[in-house]
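One structure is given below, encoded as structure tokens.
The values are calculated or read from the model by the stated rules, or taken from the named source; none is laboratory data. Just so we're clear, the structure is a prediction, and the values are computed from it rather than from any experiment. Don't worry about glycine lacking a Cβ; one is built from the backbone with ideal geometry, like all the others, and counts go over all protein chains shown. For accessibility, only protein heavy atoms count, side chains too; no ligands or nucleic acids. Shrake-Rupley method; radii C 1.70, N 1.55, O 1.52, S 1.80 Å.
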Amino acid sequence: MIRILDFNALRPQDILNRDIRTEEDVSAAVDAILADVRQNGDAALRRYAEKFNGAALDRLEVTPDEWDAAVDSVDPDFLETLRQAADNIRAFHEKQVHDNFVLTRPDGVLMGQRYTPIEKVGICIPGSPVTFPSSVLMNAIPASIAGVTDIIMVTPPDKDGAISAEALAAARLAGVTRVFKMGGAQAVAALAYGTETVPRVDKIVGPGGVFVATAKRKVFGTVAIDMIAGPSEILVVADGKSDPRWVAADLLSQAEHDVLSSAVLVTDSRPLAETVQAELEVQLAQLPREDVARQSIDTNGRIIVTDDLDKAVEAVNIIAPEHLELCMDEPFTLLGKVKNAGSIFLGRRASEALGDYFAGPNHTLPTSGTARFSSPLSVDDFVKKSSFLYYSEEALQKAAPRVADFAEREGLHAHARSVTIRTETQGK
């Protein structure tokens with residue numbers, strides 16, 4: 001049963017409670033996989049597909065015919081759902097596109113900043129026990145909007161060597177250019193180093209388990225990565241007028257992900273806390289994934305009772321949750337006080353699942369308290385910024401003595417000379 005705790009009796013480290021995120025050490029195993037794929041390429045990938053997925057693959061890449069057949073097999077009603085979700089996600093992320101800018105001065109100085117897309121991006125999509133077409137949309141659409149030329153998706157096959165038809169349909173809608181049948185650390189290795197058939201990419205994004213997370217951490221520097229994602233989490237702030245059935249359902253929406261997931265309710269109402277505690281037991285018994293959700297709720301879940309909603313926001317900012325729901329009639333009164341949260345759901349009707357699948361904001365979010373310093377996946381993750389600078393003769397003559405003095409004071413005499421030599425030879 002979920003625990004009920006008094007906010008005033010907790011230390012900040014008790015509220016944060018990230019000890020649950022300790023994961024098994026797979027570093028040595030990941031090192032071996034990375035080295036194997038780097039040395040043996042496609043042969044290693046086929047071997048791992050048979051070992052981990054039971055699939056004997058003649059070809060690692062999804063063919064155009066496979067792709068077409070998969071899309072044609074998807075239920076038309078669900079295909080329409082995918083289209084509407086893709087439209088919503090695209091509309092939201094198009095607002096994130098930045099404009100280049102230029103600053104000029106009368107003496108002939110010109111400077112500015114320009115955005116250019118990353119050329120090749122790899123997207124990891126989990127495939128066990130199911131593939132997530134929602135993650136395909138959330139990762140590929142921002143990359144497509146940014147102008148990424150090659151969007152390479154990797155996802156593990158089933159034992160027959162097939163990829164989820166729904167995931168392939170989402171990939172086509174989202175602008176994915178190629179799909180490969182592989183997952184785990186071996187997929188990260190292939191994307192980071194390249195093989196005979198898998199192109200080396202510039203950045204790897206997308207969710208995964210501990211093997212994927214560890215592999216992404218190890219190849220960072222060879223390629224860029226989006227983030228190291230931990231277990232899913234939700235924090236619901238609810239007042240005493242909230243429906244306990246709704247609150248319990250929202251907590252379980254994340255608890256069913258994984259035994260390490262965390263679900264937290266913060267409320268200023270002790271009666272609501274006790275009612276939700278009881279309601280969770282009712283709804284847990286109805287879930288197909290009861291075993292997973294119950295372990296998550298019993299081990300990592302908690303209900304924190306505060307004196308008022310301002311104290312509730314204090315708890316929010318300490319925890320820095322991945323998903324935050326503000327369940328009350330006037331959620332905007334608290335929104336401005338929230339400093340640390342990945343995605344915020346406002347009001348009694350905005351359940352977290354709307355953001356997972358359909359509404360438009362990205363569901364790839366900072367976890368494990370990293371919302372203190374990081375952000376949801378966005379178009380920004382798929383572009384680079386370059387600054388540029390131009391100086392006229394007049395502007396250089398004016399600036400050169402100060403630049404040279406600055407460089408000399410730092411002991412960098414060649415820096416100084418590279419400026420003064422230009423002023424000495426002007427007009428000759």
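Structure notes:
- In the context of the full set of protein chains, residues of the chain present 48 Å² of accessible surface per residue (probe radius 1.4 Å, heavy atoms only).
- Taken about its Cα centre, the stretch 295-428 carries a charge dipole of roughly 680 debye when the Cβ of each Lys and Arg holds +1 and the Cβ of each Asp and Glu holds -1.
- With every protein chain in place, the stretch 46-113: carbon and sulfur % of accessible area (1.4 Å): 50 percent
- Theoretical FRET efficiency, 1/(1+(r/R0)^6), r = Cβ-Cβ of V210 and Q295, R0 25 Å, to 0.05: 0.90
- Cut-off under 5 Å, modelled amide H: who pairs with K384 long-range: T116, I118
- Cross-link table K51/K384; K337/K384; K203/K337; K95/K385; K218/K384; K216/K337, entries beyond 29 Å C-alpha to C-alpha: K51/K384; K337/K384; K203/K337; K216/K337
- Computed over the stretch 304-428: relative contact order in percent, which uses C-alpha pairs under 8 Å that are six or more apart: 18 percent
- For GluC sites (Glu not before Pro), the sites in the stretch 341-428 that DSSP calls loop and that have at most 13 other Cβ atoms within 10 Å are E410.
- Ranked by the mean number of other Cβ atoms within 10 Å per residue, highest first, peptides 275-281, 158-164, 385-391, 324-330 order as 324-330, 275-281, 158-164, 385-391.
- In the chain, Cα pairs under 8 Å separated by at least six residues give a relative contact order of 20 percent.
- Dipole magnitude of the stretch 1-152, debye to nearest 20 (Cβ charges: Lys/Arg +1, Asp/Glu -1, about Cα centre): 640 debye
- Each label point was placed 7 Å from the Cα along the Cα-to-Cβ direction; for A249 and L287 their separation is 1.4 nm.
- Residue-count net charge about G206 - beta-carbon cut-off 10 Å; Lys, Arg +1, Asp, Glu -1: 0
- Local electrostatic count at D36 - Lys and Arg +1, Asp and Glu -1, tallied over other residues with Cβ under 15 Å: +1
- Applied to the stretch 303-315, the Karplus parametrisation 6.51 cos²θ - 1.76 cosθ + 1.60 on θ = phi - 60° returns per-residue 3J(HN,Hα) values of 10, 10, 9, 10, 6, 7, 6, 5, 5, 4, 5, 4, 5 Hz, with x for Gly and Pro.
- Here is how the number arises for the chain: DSSP H runs of 4 or more residues each give -39500 (n - 2.57), the sum is divided by the residue count, and the result at 222 nm is -13500 deg cm²/dmol.
- Gained length - S374 relative to D107, 0.36 nm times residue gap less alpha-carbon distance: 92.2 nm
- Folded to 0 to 90 degrees: helix 393-409 orientation relative to the chain principal axis, Cα: 70 degrees
- Backbone N under 11 Å from the L10 label point (7 Å along Cα→Cβ), restricted to the stretch 255-281: 263-267
- Length-normalised contact order for the stretch 253-293 - Cα pairs under 8 Å, 6+ apart - percent: 55 percent
- Gyration tensor (alpha-carbon) shape descriptor, the chain, a/c threshold 1.5: oblate
- Euclidean distance between Cα centres, the stretch 240-268 to the stretch 142-178, Å: 32 Å
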